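First comes the structure, then the notes that go with it.
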Number of protein chains: 2
Amino acid sequence: MIDAKEYLKKTSAELDGPIKSYIGNEEPSNLMEASKQYPYRGGKRMRPAMAVACCGAVGGDKSKAVPLAVAVEYIHNFTLVHDDLMDGDEARRGMPTIHVTYGMPTAVLAGDALFAKAFQIICDLDVPADRMRDALRYVSQAVWDLARGQQMDVNNEGQIVSEEVYLETIKLKTSVLFAAAAAGGAVIGGADAKTVEAIHDYAIETGLGFQIFDDYLGIMGDPAKTGKSNSNDIRKGKCTVMVTHTIAALKDQPAKLDEFKSILGRMDATEEECARAKQIMIDAGSIDYAMDMARQKVEGAIERISFLPDGEDKEFMVSLARYAIDREL
Amino acid sequence: MIDAKEYLKKTSAELDGPIKSYIGNEEPSNLMEASKQYPYRGGKRMRPAMAVACCGAVGGDKSKAVPLAVAVEYIHNFTLVHDDLMDGDEARRGMPTIHVTYGMPTAVLAGDALFAKAFQIICDLDVPADRMRDALRYVSQAVWDLARGQQMDVNNEGQIVSEEVYLETIKLKTSVLFAAAAAGGAVIGGADAKTVEAIHDYAIETGLGFQIFDDYLGIMGDPAKTGKSNSNDIRKGKCTVMVTHTIAALKDQPAKLDEFKSILGRMDATEEECARAKQIMIDAGSIDYAMDMARQKVEGAIERISFLPDGEDKEFMVSLARYAIDREL
């Protein structure tokens, strides 16, 4: 079986050149610099790798999907620039966020610029115009949905929402862009509508697994490995499936529920209090519940693409789905 | 000759329905509400009117250009939402700006959502995919340029830049979207490449005239008619061709130049001081200089499309260019 992490490193190195090739030395230089920051800082590059692999898995010429891969990575980074601004986060991948270095106006514009550049790149895809249009449909829908998902995330903060709302939120804020990358890659590869749809659904499920696991890492991850505190999501009262499960599980234990709620969402909660909240979640079976759910999503994802012919690209798609919920950061 | 203002009122009324038809009742409702605000508040609708007229002027079916007209209006409004946030402006068309009513995160996302919706709409244009691609190329390039122009505007504030930099800035922040609307409309109308390019250039020149005149209104306009102070651009030290001309014209009058510079860009400048700065600009011939320049741009714009067959749409294009520099707000 392909080691997804190793394979991602390889494709990431291959995509590095293209990712750095689309923003040149136009004026004004501060906007160009700011726009390049996040895409150039690296990352797992899961979305672009998915675009290329899905093109290959349907028998397409993978080189034709590289611009789409770059476009999707730019869109991902555009959302990160705006998210960091909205959340007031000060660091990303160990370096200052855009609004910290360049100020709020340039952060807004750098995000907008990355977004625009992504659509320029898609426009110039070296495929027939009707296929470009099909890929564009997925990507533009994804960005619309991303904004909705981010807004739901903002609305949910400090709220206890239902599991259904949580799943809808993470689908919109995470899965849809995975799906646009995957379906777009398949479209470029010349897949028929049914195959594109199956690959789209594979990516939706993989994205759900990825985000559930991301939320898991947010409270159970090792800060030395993830590079971020595993108490802040509790302090922020971040709404996750683990939280919704704990609240439901404790409905007959009012004292414990009160204790849990008294810690959740309190920005000045101590490390000890956060550890206590985590223990309550573990005891309630909420961590296991979330991990089971993430595993189900990933197995569902893999099932969706079982009909694809065997080969390296399909194998990578399978291992990428597994990797989504088996990683340290 | 068609009265552009009356004709704009008519097309604006016709486009009102389509403009209000693309954002539905999806979740989350606060994002939908925030996104609708600016497009629903009205405005001159010059860009959408231009898209439709240019389609008609080349013999196309104008109804096919309506979605593009809506998309361009959404993009215009997306930039207004983000600009108002960046500038900290509190009112737009007599009502609170988005960040004032909904907060910064929702203002960022409402802009992003309008941007995404515009590309979804373009994707679904009822024209062959290759024509959709050509229109998309103009629009995505325009949004990239818009971000550059806005950043240059941010960079220029409080600076004295050359006339060349000023013209490049207003071309990027204003003309390119006029040009995308016009060229996109012509593409949808089935125009050949040379005609599309001429119409593109017509709109670039019209946009330059429009923005030079907009800057003129910013200091010489009647607040009772424009709805905004005519001193704030002086207090902000807004860089315009009038300012660059005044600075150059006063190079042998150091005392007057110092007086002018001592007022420009001072947020606490009194109404009397601002009036004095304006008088210095008038005496330096800078207002006349700017108006001459605006007129030249507009005449250049009209010249570019002189080859188009006569008809109502061409007539409107001509009067729209003239209206760009002959309006009260």
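Some values worked out for this structure:
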{"read-out": "Residues of region A:98-109 classified as in contact (Cβ under 8 Å) with a residue 12 or more places away in the chain, more than 8 Å from chain B (Cβ to nearest Cβ) and under 23 Å from the mean Cα position of the chain (by Cα), total", "value": "3"}
{"read-out": "Every residue from region A:60-110 that is closer than 23 Å to A:Lys228 by Cβ, in a helix (DSSP H, G or I) and polar (S, T, N, Q)", "value": "A:Asn77, A:Thr79, A:Thr101"}
{"read-out": "Index of the failed condition, A:Ile263 passing every other in (1) crowded, with 20+ Cβ neighbours inside 10 Å; (2) touching a residue at least 40 places away in the same chain (Cβ under 8 Å)", "value": "(2)"}
{"read-out": "Matching entry among A:Ala118, A:Ala182 (being closer than 22 Å to B:Ala107 by Cβ and either within 8 Å of chain B (Cβ to nearest Cβ) or touching a residue at least 40 places away in the same chain (Cβ under 8 Å) (or both))", "value": "A:Ala118"}
{"read-out": "Those residues of region B:9-36 which are more than 13 Å from every other protein chain (Cβ to nearest Cβ) and not charged (D, E, K, R), in sequence order", "value": "B:Thr11, B:Ser12, B:Ala13, B:Leu15, B:Gly17, B:Pro18, B:Ile19, B:Ser21"}
{"read-out": "Test: residue in region A:81-97 that is within 30 Å of B:Tyr166 (Cα to Cα) and loosely packed, with under 15 Cβ neighbours inside 10 Å", "value": "no"}
{"read-out": "Criterion violated by B:Arg41 - all others in (1) more than 30 Å from B:Arg148 (Cα to Cα); (2) touching a strand residue (DSSP E or B) at 6+ places or on another chain (Cβ under 8 Å) satisfied", "value": "(1)"}
{"read-out": "Qualifying positions in region A:37-48 - under 13 Å from the mean Cα position of the chain (by Cα) and either in a helix (DSSP H, G or I) or within 11 Å of another protein chain (Cβ to nearest Cβ) (or both)", "value": "A:Met46, A:Arg47, A:Pro48"}
{"read-out": "Region B:6-20: number of residues that are more than 18 Å from B:Met317 (Cα to Cα) and either in contact with a helix residue (DSSP H, G or I) (Cβ under 8 Å, 6 or more places away or on another chain) or in contact (Cβ under 8 Å) with a residue 60 or more places away in the chain (or both)", "value": "3"}
{"read-out": "Filtered residues of region B:47-70 (kept if of a type in the set (Gly, Ala, Ser), over 17 Å from B:Arg137 (Cα atoms) and crowded, with 24+ Cβ neighbours inside 10 Å)", "value": "B:Ala49, B:Ala53, B:Ala57"}
{"read-out": "Qualifying residue in region A:68-81 (condition: within 14 Å of another protein chain (Cβ to nearest Cβ) and free of Cβ contacts under 8 Å to residues at least 40 places away in the same chain)", "value": "yes"}
{"read-out": "Among (1) closer than 30 Å to B:Asn30 by Cα; (2) of a type outside the set (A, V, I, L, M); (3) under 16 Å from the mean Cα position of the chain (by Cα) - the single one B:Asp112 does not satisfy", "value": "(3)"}
{"read-out": "Residue match in region B:10-30 (condition: part of a helix (DSSP H, G or I), modelled with pLDDT of 95 or more and under 15 Å from B:Ala321 (Cβ atoms))", "value": "no"}
{"read-out": "Test: A:Val70 is in contact with a Lys or Arg (Cβ under 6 Å, 6 or more places away or on another chain) and either at positive phi or at pLDDT 95 or above (or both)", "value": "no"}
{"read-out": "Close pairs from region A:82-96: first within 12 Å of chain B (Cβ to nearest Cβ), partner part of a helix (DSSP H, G or I) and surrounded by 15 or more Cβ atoms within 10 Å (Cβ to Cβ), Cβ under 6 Å, at least 6 apart", "value": "A:His82/A:Gly111; A:His82/B:Val108; A:Leu85/A:His99; A:Leu85/A:Ala107; A:Met86/B:Pro105; A:Met86/B:Val108"}
{"read-out": "Tabulated pairs, region A:140-155, first more than 7 Å from chain B (Cβ to nearest Cβ), second of a type in the set (Val, Ile, Thr), C-beta under 7 angstrom, 6+ apart or interchain", "value": "A:Ala142/A:Val176; A:Asp145/A:Val176; A:Leu146/A:Thr79; A:Leu146/A:Val176; A:Gly149/A:Thr169; A:Asp153/A:Thr169"}
{"read-out": "Among the candidates A:Ile280, A:Ile325, residue that is touching a Phe, Trp or Tyr at 6+ places or on another chain (Cβ under 6 Å), touching a residue at least 24 places away in the same chain (Cβ under 8 Å) and closer than 30 Å to A:Thr11 by Cβ", "value": "A:Ile325"}
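Condition check ((1) on the phi < 0 side of the Ramachandran plot; (2) in contact (Cβ under 8 Å) with a residue 12 or more places away in the chain; (3) not hydrophobic (A, V, I, L, M, F, W, C)) across all residues:
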site: A:Gly218; (1), (2), (3): yes, yes, yes
site: A:Met242; (1), (2), (3): yes, yes, no
site: A:Leu250; (1), (2), (3): yes, yes, no
site: A:Leu257; (1), (2), (3): yes, no, no
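The values are calculated or read from the model by the stated rules, or taken from the named source; none is laboratory data. Keep in mind that this is a model prediction, so the values were computed, not measured. Quick reminder, even Gly has a Cβ in these numbers, built from the backbone with ideal geometry, and neighbours come from all protein chains shown.
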